[in-house]
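*Asks:* Before I ask anything, here is the structure I am working with.
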Amino acid sequence: MREINATKRSLNIEYAIRDVVVPATELEAQGHSIIKLNIGDPIAYPGLPTPPHMVEAFVNALNDGRNGYSPSYGLPELRKAIANDEVRKGWAASPSDVYVCHGVTEALQILFQATLEEGDQVLAPGPHYPPYMAYPQMYGAETIEYRLNSRNAWSLDFEDIEEKMNEHVRLFVLINPNNPTGAVIGKEEIDRLLSILEAWPNCILVADEIYDGLDFSNRQVSAASRSNSIPVVTMNGVSKVYYAPGWRIGYMALHDPQSAIASVRDGIERILRSRLCASTPAQLGFLAGLEQDRSWMESYSNTVKQRRDVCLDRIAGIQGLEVEAPQGAFYMFVRLTDEQWKENDKEFVLNLLHEEHVLLVHGSGFSKDKGKGHVRLVFLPDVPTLHTAFDRIDSFLQRHRKV
């Protein structure tokens, strides 16, 4: 019988973070226990549960029968709470600027659908979160990477940005704090970026700020709070800072200081209506997180920072690894310096997995060019698990080191 082919656009999609899980699952099926440092799911690690008052609000919604469709743009009370939170971050958000989605991933898909045509470009950092490369191609667009300075805390390379900006760039992506590097971009850099974008009136700044509450540098600021003219679409949600990734609730908030994106807003709203709504009980759980106690956040952040510092200390003592200290989020992008591995990061990850049962993500999965020679490590596990993982990584490197 003739084989029915999938679309080329679907077969071109790669998602390194979960692709490496396939061989890990095979090893688990054989009875091996894997130390997973590959995925940014805080619930997968001990000591960082979803706050009880948020879980209670979710459960109460189910028990109270609040389990039907919500309005397509999100529950009015949640949109208001999100807007108030964005106001706290420094810009005049209103509930009508907020659209609740199935996580930031769906928000990105909707924004891409509403803005991108054949031949358009998205300028995204290299390295970056994989969907920024995968999704634009579905709408006939192309992602172009701008360089981050790997030897200077992964800061923005403004010369490279200016060279790559042109009339085809519809969306400029800023991930702050950055996934996968943990870099934080401060207000001076954001202001300089906005001054560059002033010359390109057809471009929207996409500010992915899903890790904004995990900032160890005290430098992170809302990009929308710095813009008086450039339209900014802020992406955020419940997954990372509120420790509820499986709830799949995110949002986009539109800052349009010169009323430049009314048509884009109309397109976004039409798409949102066509796909019905996000989960109603999960929205109510997020609402509790925004409106009730936040005192727990400091202790969680301190725990994550402590685990980061353990990783930095261990890496400093292992020949063959280097890292720029992450200033936010819960990732570090570790440089492979051994001659055998610095051009073969995926081979390093797969061999480490099979020999030592430690799972990382190859850096080239975040950018074939600008991520090569690195691995992404999630520093969320408890301290004893991290020490075990680094003992195994060190043993692997020593065993394979060329004399």
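*Asks:* Within segment 11-91, considering only helices (runs of 4 or more DSSP H) that don't extend past its boundaries, which have at least 1 residues that are surrounded by 15 or more Cβ atoms within 10 Å (Cβ to Cβ) and modelled with pLDDT of 95 or more?
*Replies:* Numbers: elements: 16-19, 21-29, 52-63, 76-88.
In segment 11-91, the matching helices (runs of 4 or more DSSP H) lie at 52-63, 76-88.
*Asks:* Being farther than 23 Å from Ser274 by Cα, crowded, with 18+ Cβ neighbours inside 10 Å and over 16 Å from the mean Cα position of the chain (by Cα) is the filter here; which residues of segment 124-144 pass it?
*Replies:* If the condition is that a residue be farther than 23 Å from Ser274 by Cα, crowded, with 18+ Cβ neighbours inside 10 Å and over 16 Å from the mean Cα position of the chain (by Cα), then Thr143 is the only one that fits.
*Asks:* Ok, one more. Between a residue in segment 373-398 that is part of a loop (DSSP other than H, G, I, E, B) and any residue that is among the acidic types (Asp, Glu), which pairs come within a Cβ distance under 7 Å, given they are 6 or more apart or on different chains?
*Replies:* Qualifying pairs under 7 Å: Gly373/Glu343; Gly373/Asp345.
*Asks:* Given the structure, is Val310 assigned to a helix (DSSP H, G or I), outside the structural domain of Leu214 (by TED's automatic domain parsing), aliphatic (A, V, I, L, M) and in contact with a His (Cβ under 8 Å, 6 or more places away or on another chain)?
*Replies:* yes
*Asks:* Please pick out the residue among Leu205, Leu254, Leu276, Leu284 that is in contact (Cβ under 8 Å) with a residue 12 or more places away in the chain and in a helix (DSSP H, G or I).
*Replies:* After ruling out the rest, the residue left standing is Leu284.
*Asks:* For Ala260, are the conditions met, namely being outside any helix (DSSP H, G or I), in the same structural domain as Pro231 (by TED's automatic domain parsing), surrounded by 19 or more Cβ atoms within 10 Å (Cβ to Cβ) and in contact (Cβ under 8 Å) with a residue 24 or more places away in the chain?
*Replies:* no
*Asks:* Moving on to the next point. When you check Glu118 against the structure, is it more than 30 Å from Ala61 (Cβ to Cβ) and either β-branched (Val, Ile, Thr) or surrounded by fewer than 22 Cβ atoms within 10 Å (Cβ to Cβ) (or both), yes or no?
*Replies:* Yes: the conditions hold for Glu118.
Each row is one residue, and each column tells you yes or no for (1) within 25 Å of His128 (Cα to Cα); (2) surrounded by 22 or more Cβ atoms within 10 Å (Cβ to Cβ); (3) of a type in the set (Gly, Ala, Ser).
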| position | (1), (2), (3) |
| --- | --- |
| Val310 | yes, no, no |
| Ala325 | yes, no, yes |
| Phe333 | yes, yes, no |
| Lys372 | yes, no, no |
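The values are calculated or read from the model by the stated rules, or taken from the named source; none is laboratory data. Remember, it's a predicted structure, so these values are computed and weren't measured experimentally. Quick reminder, even Gly has a Cβ in these numbers, built from the backbone with ideal geometry, and neighbours come from all protein chains shown.
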